[in-house]
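Chemist: Please see the structure below; I have some questions.
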Amino acid sequence: MKKNQLILIRHGESTWNKLNQFTGWTDVKLSLQGIKEAISAGKLLKKKNFTFDICYTSVLKRAIHTLWLILYELEQVWLPVKKTWRLNERHYGDLQGLNKESIILKYGADQVQKWRRSFTEIPPRIEKNKHASVYYDRRYDNLEKNNIPVAESIKLTLQRLMPFWEEYIFPNIKSGKKILIVAHGNSLRALIQYLSDLNDQEVFDLHIPTGIPMIYNFSNDQCLKKYSFLKDE
């Protein structure tokens, strides 16, 4: 693996991915397929002789467990791992836990597609009484209760992600560290929007499959805007 190289991986399939439910900040586990995807990603990275210096992930177990499985396959479980809520999936508001097909029947396919794919559309906000479990979750103790999101667009997800990128991740890339980020479909879409300077339509069209490593290269402190998927021949 080259210096100044960043690997991004969306967690393996979760149980709610399998059930076609909006997940967001709900802390669901990997499905059996998701476990297999994580193991396959680790095996592929090892086959391609990837090594890392530091790893980043969210505070949600589907991403954490994916990273654990990858590091186990890489035989690099000793690596430092930094977990942050800023890499969490976007908050899907009042849609969390609901089946996507039932929401399409209620709101129409066009509106649901905008909520899912648009850079700026914000889903219906969740009521605080439905969100109480997050307010009292220890992993968010360092957050002011008023700063815990109740619904996010991709744009808002990017805004809360950027301070962590600028303070921690990008300085390590500039210093030549080899970085692995395991996160979520929409937090990664937000980061890719920034790194590749995607327009609204490109963000709308962007799909990130579960468990497939993506490679970014950096040169002269700047990201080369093209990314590629790592695939096994």
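Chemist: Pairs only if they're at least six apart or on different chains, beta carbon under 8 angstrom, first in the range 123-149 and farther than 20 Å from VAL59 by Cα and modelled with pLDDT under 85, second part of a loop (DSSP other than H, G, I, E, B) and among the β-branched types (Val, Ile, Thr); list them, first residue then second.
Modeler: Here the result reads LYS128/VAL150, each pair linking the range 123-149 to a residue that is part of a loop (DSSP other than H, G, I, E, B) and among the β-branched types (Val, Ile, Thr).
Chemist: May I pose another question? Say whether the condition of being of a type in the set (A, V, I, L, M) and touching a Pro at 6+ places or on another chain (Cβ under 8 Å) is met by at least one residue in the range 193-203.
Modeler: no
Chemist: Check THR26, THR66, THR51 and return the single one that is in contact (Cβ under 8 Å) with a residue 24 or more places away in the chain, hydroxyl-bearing (Ser, Thr, Tyr) and closer than 16 Å to LEU188 by Cβ.
Modeler: Only one candidate passes the filter, namely THR66.
Chemist: Among the residues of the range 4-21 satisfying the criterion of being under 20 Å from LEU74 (Cβ atoms) and not charged (D, E, K, R), which is modelled with the lowest pLDDT?
Modeler: Among those that are under 20 Å from LEU74 (Cβ atoms) and not charged (D, E, K, R), it is ASN4.
Chemist: A further question on this structure: Restricting the range 213-226 to residues that are more than 17 Å from PHE52 (Cβ to Cβ) and either more than 19 Å from the chain's Cα centre (by Cα) or surrounded by 15 or more Cβ atoms within 10 Å (Cβ to Cβ) (or both), which is modelled with the highest pLDDT?
Modeler: Taking the candidates together, the pick is SER219.
Chemist: While we're here: Starting from the range 184-212, take each residue that is free of Cβ contacts under 8 Å to residues at least 40 places away in the same chain and polar (S, T, N, Q) and list its partners that are surrounded by fewer than 19 Cβ atoms within 10 Å (Cβ to Cβ) and not in a loop (DSSP other than H, G, I, E, B), counting only C-beta distances under 7 angstrom and pairs at least six apart or across chains.
Modeler: Going by the 7 Å Cβ cut-off, the qualifying pairs are SER196/LYS225; SER196/TYR227.
Chemist: Conditions first: (1) surrounded by fewer than 17 Cβ atoms within 10 Å (Cβ to Cβ); (2) touching a Gly at 6+ places or on another chain (Cβ under 6 Å); (3) of a type in the set (S, T, N, Q). ASN99 passes all but one, so which condition is the exception?
Modeler: (2)
Chemist: Please go through the range 142-167 and give me each residue that is more than 19 Å from GLY24 (Cα to Cα) and either surrounded by fewer than 16 Cβ atoms within 10 Å (Cβ to Cβ) or of a type in the set (Lys, Arg) (or both), ordered by number. Spell out the reasoning first.
Modeler: Residues of the range 142-167 that are more than 19 Å from GLY24 (Cα to Cα), as a first pass: 142, 144, 163-167.
Answer for the range 142-167, where residues must be more than 19 Å from GLY24 (Cα to Cα) and either surrounded by fewer than 16 Cβ atoms within 10 Å (Cβ to Cβ) or of a type in the set (Lys, Arg) (or both): ASN142, GLU144, PRO163, GLU166, GLU167.
Chemist: So how many residues does the range 180-196 have that are surrounded by fewer than 22 Cβ atoms within 10 Å (Cβ to Cβ) and touching a strand residue (DSSP E or B) at 6+ places or on another chain (Cβ under 6 Å)?
Modeler: Here the count works out to 3.
Chemist: Among the residues of the range 120-141, how many are surrounded by 11 or more Cβ atoms within 10 Å (Cβ to Cβ) and of a type in the set (Ser, Thr, Tyr)?
Modeler: Residues of the range 120-141 surrounded by 11 or more Cβ atoms within 10 Å (Cβ to Cβ): 120-128, 130-131, 134-135, 137, 139-140.
Still in the running and of a type in the set (Ser, Thr, Tyr): 120, 135, 140.
Result for the range 120-141: 3.
Chemist: Just the residues that are assigned to a loop (DSSP other than H, G, I, E, B), out of contact with any strand residue (DSSP E or B) (no Cβ under 9 Å at 6 or more places or on another chain) and closer than 22 Å to ASP232 by Cα, please, taken from the range 25-71.
Modeler: Once the filter is applied, which keeps residues that are assigned to a loop (DSSP other than H, G, I, E, B), out of contact with any strand residue (DSSP E or B) (no Cβ under 9 Å at 6 or more places or on another chain) and closer than 22 Å to ASP232 by Cα, the range 25-71 yields LYS48, ASN49, THR51.
The values are calculated or read from the model by the stated rules, or taken from the named source; none is laboratory data. Small disclaimer: the values here were computed from a predicted structure and weren't measured. In this analysis, Cβ positions are derived from the backbone assuming ideal geometry, glycine residues included, and neighbour counts consider all displayed protein chains.
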